[in-house]
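These notes are about the structure you will find just below.
The values are calculated or read from the model by the stated rules, or taken from the named source; none is laboratory data. For clarity, every value in this text was computed on a predicted model and none was experimentally measured. Glycine gets a Cβ as well: all are built from the backbone with ideal geometry, and neighbour counts include every protein chain shown. Quick note on the areas: whole protein, heavy atoms, side chains included, nothing else; ligands and nucleic acids left out. Shrake-Rupley method; radii C 1.70, N 1.55, O 1.52, S 1.80 Å.
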Amino acid sequence: MDNQSWISYFRELFKELPLILAGPVLRHTTPNSVTVWVALKAACTVELKIYNTAIAGERIESCLLSGQRSTVALGEYLHVVAVTACASGYSSPDSSSQLLQSDQIYAYDLRFSTPQAQINLQQALNCSTLPDINLSYFPHQKPTFALPPEQLEHLRMVQGSCRKPHGKGFDALPILDDLIAATAREPRGRPHQLFLTGDQIYSDNVAEPTLWIASALGDALLGWQEQLPIEQHKLARGSLEKQNRTCVPTDLPPGTRADIATTQAGFTAGLRNQRHKATSHLFGLGEFYAQYLLAWSPVCWAVNLPKGQQLYGDRQSIQQWNKSRKAIQQFVQTLPKVRRALANLPTYMICDDHEVSDDWNMNRAWCLRVLARPLGRRVVQNALLSYALFQ
């Protein structure tokens, strides 16, 4: 299929996918407030409730905190929200109430309201192709968490960084799911906080199969195609002239972006022998959005990646594609464990270089080179906007 056919394919696929495309991701937790982030395929008002539990988390009891918030539309099929539950009667999560305590397991639930229906969390997670999604470690099927203990020696923190889907070896983040599963009923024993200290996505050095799906998925999510400012050169009256033109991300196939990334955006130009890191660089806003969904959730991977033989004629390209394809398939296989862990552990994130580009803000020369170019500015803008919305 051509690019437009794949975009149409994803647009049709959204009709079959569940309401929740990624998340819920448990974010900031305090004694008087809890925030949960979620990405949806349709606009909703999202209600968050926090519950006390008994019998080491097994039994749901009274609702302690609640809150609701409407989603923000990022595209036709992408709506995000960070909803905060506060104590009843308090309008701000910064109030002095202390309803949540250490050494206690709490559960949370989400409800999604549209003009047509009220949808509970399990309904929003499941669909005909994904019928058995469960993000809980308990029979009640609600995600849980515990606040940090009062004594520092009992605090259990986890740190991670630099998560490249096609990197060497296995993704380490699924191990966190096993740690939580083994200690889910122990308020002091289970992990209390997760710190992801950069490179939660790679916008440079992207695997070709990942960019192949991210470009079409990104345009389908947005519902429109971004016009990237690309310069075109041509000979006119014996001299080389520069013309400005626009193209959309799907016009720039995986493995072909090095020249544009280095000469027109200015990325990696100050690094020796780094051209290979820009061959599939993310450019478009939709591509950045898609990259986050693909890193945190298996939902949008509901497509069979083609084999290299279906796309290329030369042996080297086929081998490179199939090698990356195998690594990506391995990565996707463990994404359900990553998704469950992020739903049950307060997660704090920070930006590093690869969320933008390998040499991001490396020196003054980089800033002058990249920010002086229309495409460089656009890519930095897209990267930082998506970082703010997702991280």
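Extent of the chain along its three principal axes (Cα atoms, max minus min coordinate, largest first): 81, 46, 40 Å.
3J(HN,Hα) along the range 188-195: 8, x, 6, x, 9, 8, 10, 10 Hz, from the Karplus curve 6.51 cos²θ - 1.76 cosθ + 1.60 with θ = phi - 60°, whole Hz, x for Gly and Pro. Less than 18 Å from a label point 7 Å out along the Cα-to-Cβ axis of TYR348: which backbone N atoms in the range 19-52 qualify, by residue? Answer for this model: 25-37.
Ligands, DNA and RNA left out, the 1.4 Å accessible surface of the range 118-215 is 54% carbon and sulfur atoms.
Using 0.36 nm per residue and subtracting the Cα-Cα separation, the extra length available between ALA172 and THR256 on full extension is 27.2 nm.
With the simple model of a label 7 Å out from the Cα in the direction of the Cβ, GLU150 to LYS323 spans 5.7 nm. Across the accessible surface of the range 339-380, with the other protein chains kept in place and a 1.4 Å probe, carbon and sulfur atoms take up 55 percent.
Shape analysis of the range 125-220 based on the Cα gyration tensor places the equivalent ellipsoid semi-axes at 31, 21, 11 Å, largest first.
Think of the range 255-391 as having a plus end and a minus end, set by charges on the Cβ of Lys, Arg, Asp and Glu; of PHE390, TRP301, ILE318, ILE318 sits farthest toward the positive end of this dipole. Loop-located GluC sites (Glu not before Pro) across the range 63-169 with a Cβ neighbour count of 10 or fewer within 10 Å are GLU150, with loop assigned by DSSP.
Take the Cα of LEU13, step 7 Å toward its Cβ, do the same at TRP224, and the gap between the two points is 2.4 nm.
Each stretch of four or more DSSP H residues adds -39500 (n - 2.57); spread over every residue of the chain, this sum gives -8500 deg cm²/dmol at 222 nm. Rounded to 0.05, the FRET efficiency of the HIS276 and THR197 pair, given R0 = 35 Å and the Cβ-Cβ distance, is 0.85. Quick one: pull the percent of accessible area on the range 5-50 belonging to carbon and sulfur, 1.4 Å probe, ligands and nucleic acids left out. Roughly 53 percent of what the probe reaches on the range 5-50 is carbon or sulfur. Remark: the range 38-81 carries 42 Å² of accessible area per residue (probe radius 1.4 Å; ligands, DNA and RNA excluded). At the listed q of 0.15, 0.20, 0.24 Å⁻¹, the Debye profile of the range 281-391, built from one uniform point per Cα, gives log10 I(q)/I(0) equal to -0.87, -1.13, -1.24. Note on ALA117 and GLN333: with the Förster distance fixed at 35 Å, the Cβ-Cβ geometry gives a FRET efficiency of about 0.60.
Full extension of the chain between THR263 and ASN304 gives 11.4 nm of extra length, using 0.36 nm per residue less the Cα-Cα distance. Of the trypsin sites (Lys or Arg not before Pro) found in the range 136-176, those in coil by DSSP whose Cβ has at most 12 other Cβ atoms within 10 Å are LYS168. Summed over the residues of the range 268-357 and divided among them, the accessible surface reaches 42 Å² per residue at a probe radius of 1.4 Å. What number comes out for the charge environment of GLN151, summing +1 per Lys or Arg and -1 per Asp or Glu over other residues with Cβ under 13 Å away? Net charge in that neighbourhood comes out at -1. Once the Cα atoms are used to define both axes, helix 174-183 deviates from the longest principal axis of the chain by about 0 degrees.
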